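K.L.:
Please find one structure pasted underneath; my questions will follow.
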């Protein structure tokens with residue numbers, strides 16, 4: 001067996017880190033968010049908050065989470081994923097635990113902002129870890145495990161949090177996930193190393209397999225910020241993700257309301273049918289991850305897949321809006337969110353290849369755009385519904401963003417990484433010049 005082939009002889013430690021640690025960490029992180037969403041009506045009633053005050057409490061997390069994505073990526077680059085994710089996990093677990101003790105409006109806002117700061121480092125650090133621990137030909141499957149941890153929260157989050165609240169009280173929902181998050185942070189520190197070769201339990205065969213298919217992790221030069229700013233694809237990768245989260249945000253925020261108010265479903269029907277698009281997304285994430293690594297290994301093909309995924313997501317969203325039959329409507333919405341999953345796999349693989357040793361920075365930049373849209377998108381959708389008097393106008397305009405996202409992908413060329421070569425000419429002040437092909 002050659003070093004570039006994968007098999008039992010190469011070892012499985014990297015898959016344990018992806019599926020046994022990063023997936024649970026991301027899942028518990030999403031549970032912290034679900035706990036606040038589900039408990040919000042109880043908190044509002046108990047503390048006498050107005051609707052406006054509760055909205056500020058809920059969105060304060062997302063603004064902090066979005067704005068600190070790039071700093072989180074820089075921390076991962078500076079201190080390494082082992083230390084960064086362990087400290088971040090302890091940080092957000094502490095403030096998850098403290099959430100019930102906000103007492104007053106400002107107290108809750110401050111705690112949610114501090115929670116967002118801690119969780120902001122999770123995603124860029126996780127993507128950076130996978131780039132270090134996986135050869136290029138396996139990174140899409142590894143990314144699909146990370147995405148699964150995030151989206152499982154949308155499938156089981158609400159029922160699990162409701163069960164905890166009903167059985168133990170709303171405060172214990174935060175206590176439970178905080179304790180689990182703290183344990184995972186400690187285990188992460190104990191098990192993970194920044195480099196596979198530094199791990200005491202890894203085999204030489206697995207190290208050789210990882211390093212033979214890995215590129216762009218080490219660099220002898222520093223890439224200046226103006227190199228990022230001058231790169232059209234650096235802006236395109238962020239803009240396309242904003243478009244993607246605008247569509248995905250409809251499912252994450254407005255789908256329950258849409259199914260009940262616009263389609264007349266009962267709460268029980270909504271609870272079941274509303275989870276189906278997320279199951280479809282998870283299935284597409286795993287399927288696309290396997291296809292990427294086994295069949296679509298070259299970026300021109302993956303770029304076309306991402307563009308097609310955008311167009312399918314847009315088309316099926318509109319078809320769902322205009323279809324009167326509820327089973328067909330749900331089918332179309334499943335296909336729409338499933339197509340979003342097709343694009344998600346390409347996004348994070350592109351960040352890894354485009355960023356090289358700066359993948360954490362590129363990931364943070366991309367997630368910044370997406371999560372700014374996660375914070376502003378629900379308000380935008382609500383305004384559109386109010387203007388049109390129905391949901392068709394809002395869903396059609398959301399679908400239009402899918403066309404824009406597809407166009408953005410043709411300006412992304414991950415095969416031309418934002419990585420200055422070793423022999424790059426130094427500029428004044430010790431910076432280096434990015435290669436022309438990456439512009």
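K.L.:
By how many nm would the segment from residue 257 to residue 400 grow when fully extended, if each residue of separation counts as 0.36 nm and the alpha-carbon distance is taken off?
P.N.:
Full extension of this stretch gives 49.3 nm more.
K.L.:
Considering only 306, 18, 321, give the residue with the highest GNM mean-square fluctuation for the chain, with springs between Cα atoms whenever their separation is below 10 Å.
P.N.:
321
K.L.:
Next question. Among 206, 46, which comes first, then next, by fewest other beta-carbon atoms within 10 Å?
P.N.:
46, 206
K.L.:
For region 1-214, calculate the relative contact order in percent as a whole number, restricting contacts to Cα pairs under 8 Å that are 6 or more residues apart.
P.N.:
39
K.L.:
Also, I was wondering about something else. Between the helical axis of 105-120 and the dominant principal axis of the chain, each derived from Cα atoms, what acute angle in degrees is found, rounded to the nearest 10?
P.N.:
Rounded to the nearest ten degrees, it is 30.
K.L.:
Here's a follow-up. Counting only helical runs of four or more DSSP H residues, what would the 222 nm mean residue ellipticity of the chain come to if each run contributes -39,500 (n - 2.57) and the total is spread over all its residues?
P.N.:
Computed ellipticity for the chain at 222 nm equals -24000 deg cm²/dmol.
K.L.:
So for 166, 32, fewest C-beta neighbours within 10 Å to most, what's the order?
P.N.:
166, 32
K.L.:
Next question, about the same structure. If you rank 266, 93 by fewest surrounding Cβ atoms within 10 Å, what's the result?
P.N.:
Lowest to highest Cβ neighbour count: 266, 93.
K.L.:
For residue 187 and residue 326, calculate 0.36 nm times their separation in residues minus their Cα-Cα distance, and state this gained length in nm to one decimal.
P.N.:
45.5 nm
K.L.:
What is the chain's relative contact order, in percent, from Cα pairs under 8 angstrom and six or more apart in sequence?
P.N.:
24
K.L.:
In degrees between 0 and 90, to the nearest 10, how far off the longest principal axis of the chain does helix 81-98 point, with axes built from Cα atoms?
P.N.:
With rounding to tens, the tilt is 20 degrees.
K.L.:
A further question on this structure: Could you check the simple spin-label distance between residue 308 and residue 276, using points 7 Å along Cα→Cβ, in nm with one decimal?
P.N.:
Calculated label separation equals 2.5 nm.
K.L.:
Can you tell me the 0 to 90 degree angle between the C-alpha axis of helix 299-322 and the longest principal axis of the chain, rounded to 10?
P.N.:
10
K.L.:
Using 1/(1 + (r/R0)^6) with R0 = 41 angstrom and r between the beta carbons of residue 201 and residue 415, what's the FRET efficiency to the nearest 0.05?
P.N.:
0.75
K.L.:
Which shape class, rounded, prolate or oblate, goes with region 291-412 when its Cα gyration tensor gives a ≥ b ≥ c as root eigenvalues, a/c under 1.5 marks rounded, and past that a/b bigger than b/c marks prolate?
P.N.:
oblate
Quick note: the coordinates plus some simple rules give every number you see, no bench work behind them. Predicted model, so just to flag it, every value in this text is computed and none were measured. For neighbour counting, all protein chains shown are included, and Cβ atoms are generated from backbone atoms with ideal geometry for every residue, glycine included.
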